[in-house]
Amino acid sequence: MKAYDFKKILKRVWHFIWHEDSIWSWLVNIILAFVLIKYVIYPGLGFILGTTHPIVAVVSGSMEHNGNFDDWWAIHQQYYQGFNISKEEFISFQFKHGFNKGDIMVLIGKDSQDLNVGDIIVFNGGRKDPIIHRVIKKWEEGNKVFFQTKGDHNAKSMEAIELRIPESQIIGKAVFRVPFLGYIKIWFVDLLRFLHIIK
């Protein structure tokens, strides 16, 4: 193939992707965006932020605070006080008002020594999706560090998953929140499930 012909083909492809106003061009743009985000941007962010999951969508309401902080604390204070976490200390925590289903959380990789009570961590809990909850206890056994977490909205820690989390299960620490953008993922997953059911 001549260099001139190759240039012509490239020009046509470029025009099709960026300028043509057709359903096929739109579909190709969606596929390209997906490939770019999944295989270039997401891994690149993971490398920069030091975690396999630099961005996660919150898929449950386990970190939601309904109403104002004082009302929420009145319901949950007894449990936290059992871990020597006072209201004043809780107010000093990042994401003290929790966050909502559908939010996007940006994570950074953290050494277990740098994680503290009050931090929001994402960890593998043996479920399909990683869990994002608040650290309420940290301790060492020998040279290993363990954590206990709890969803702010939950009445207590989940016994089978949260009472003794080894550092090897931790994916990262949440440092930034983007409200509601995660609903794009939630709706897409729900759509795939619906299509699978009606097959």
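Residues are listed down the side, and each one gets a yes or a no for (1) in contact with a strand residue (DSSP E or B) (Cβ under 7 Å, 6 or more places away or on another chain); (2) within 14 Å of Gln169 (Cα to Cα):
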| position | (1), (2) |
| --- | --- |
| Asn68 | no, no |
| Tyr79 | no, no |
| Ile108 | yes, no |
| Asp119 | yes, no |
| Phe123 | yes, yes |
| His133 | yes, yes |
| Ile136 | yes, no |
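If I filter segment 52-69 down to residues being over 17 Å from Gly182 (Cβ atoms) and in contact (Cβ under 8 Å) with a residue 12 or more places away in the chain, which single residue comes out as farthest from the chain's Cα centre (by Cα)? Walk me through it before giving the result.
Initially, segment 52-69 is screened for residues over 17 Å from Gly182 (Cβ atoms), giving 52, 65-69.
From what's left, in contact (Cβ under 8 Å) with a residue 12 or more places away in the chain: 52, 65-66, 69.
Values: Thr52: 11, His65: 18, Asn66: 20, Phe69: 23 Å.
Across segment 52-69, the extreme among qualifying residues is Phe69.
Taking the options Ile121, Ile165, Ile136, name whichever one is touching a Lys or Arg at 6+ places or on another chain (Cβ under 9 Å), among the β-branched types (Val, Ile, Thr) and more than 19 Å from Asp103 (Cβ to Cβ).
Working: Ile121 fails: more than 19 Å from Asp103 (Cβ to Cβ); Ile165 fails: touching a Lys or Arg at 6+ places or on another chain (Cβ under 9 Å).
After applying the criteria, what remains is Ile136.
Kindly indicate whether any position in segment 28-48 is under 26 Å from Gly109 (Cα atoms), surrounded by 10 or more Cβ atoms within 10 Å (Cβ to Cβ) and touching a residue at least 12 places away in the same chain (Cβ under 8 Å).
Within segment 28-48, one or more residues are under 26 Å from Gly109 (Cα atoms), surrounded by 10 or more Cβ atoms within 10 Å (Cβ to Cβ) and touching a residue at least 12 places away in the same chain (Cβ under 8 Å).
Can you confirm whether Asn116 is more than 25 Å from Pro179 (Cα to Cα) and out of contact with any helix residue (DSSP H, G or I) (no Cβ under 6 Å at 6 or more places or on another chain)?
no
Which condition does Ser62 not pass, out of (1) under 22 Å from Asp103 (Cα atoms); (2) modelled with pLDDT of 90 or more; (3) part of a helix (DSSP H, G or I), if it passes all the others?
Among (1) under 22 Å from Asp103 (Cα atoms); (2) modelled with pLDDT of 90 or more; (3) part of a helix (DSSP H, G or I), the lone unmet condition for Ser62 is (3).
The values are calculated or read from the model by the stated rules, or taken from the named source; none is laboratory data. Values in this document were obtained by computation on a predicted structure and should not be read as measured data. Positions of Cβ are generated from backbone atoms using ideal geometry, with glycine treated the same way; all protein chains shown enter the neighbour counts.
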